[in-house]
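Right, one structure below, let's go through it.
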Amino acid sequence: MRKSISRTRFDPTKARGAAQPGLFEPQTGKPISVSELTRKIKRAVEDHLPQRVLVAGEISNLKRPTSGHLYLVLKDANSQIPAVMWKSKAAKIRFDLGDGLAVIATGHVEVYEPQGKYQLI
């Protein structure tokens, strides 16, 4: 039997900073920069989600650069999310990771500002 994880629907009006003019309302002032918009998205996502999430998926596009970090994609039938495992954690893995392996990953969601993308850490 599979244990279900309860989810709460994201409400952008309750995110920290949501009351700032121009973020979720029709723009009334000058435009904000791409960096500022990305920063606001980062705060909204990271402040709303729990510090630790469990994500079931299949590993795809596993990359092992010389840095020792692992870069991969977790996917299911309908979606995918980039994921990163830092060298210190990757060194503790006691089984072979590879494309096609079904896993339950534990981590937190982060918005990587320079590229404006979210990923599981």
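What's the number of the condition Gln51 fails, among (1) modelled with pLDDT under 95; (2) surrounded by 15 or more Cβ atoms within 10 Å (Cβ to Cβ); (3) of a type outside the set (Gly, Ala, Ser)?
(2)
Residues of the range 54-67 being open to solvent by 70 Å² or more (accessible area, probe 1.4 Å) and of a type in the set (A, V, I, L, M, F, W, C), which ones?
Leu54
Just give me the residues in the range 30-48 being of a type outside the set (A, V, I, L, M, F, W, C) and either open to solvent by 80 Å² or more (accessible area, probe 1.4 Å) or in contact (Cβ under 8 Å) with a residue 60 or more places away in the chain (or both), in sequence order.
Those that are of a type outside the set (A, V, I, L, M, F, W, C) and either open to solvent by 80 Å² or more (accessible area, probe 1.4 Å) or in contact (Cβ under 8 Å) with a residue 60 or more places away in the chain (or both): Lys30, Pro31, Ser35, Thr38, Arg39, Lys42, Glu46.
Name the pairs: first residue in the range 75-93 and within 20 Å of Gly116 (Cα to Cα), second residue among the charged types (D, E, K, R) and open to solvent by less than 70 Å² (accessible area, probe 1.4 Å), Cβ to Cβ under 9 Å, at least 6 apart or on different chains?
Partner pairs satisfying both residue conditions: Val84/Glu110.
The values are calculated or read from the model by the stated rules, or taken from the named source; none is laboratory data. Just so you know, these numbers come straight off a predicted model, no measurement behind them. With ideal geometry, Cβ positions are generated from the backbone for all residues, glycine too; neighbour counts draw on all protein chains shown. Surface areas here come from the heavy atoms of the whole protein model, side chains and all, with no ligands, DNA or RNA. Shrake-Rupley method; radii C 1.70, N 1.55, O 1.52, S 1.80 Å.
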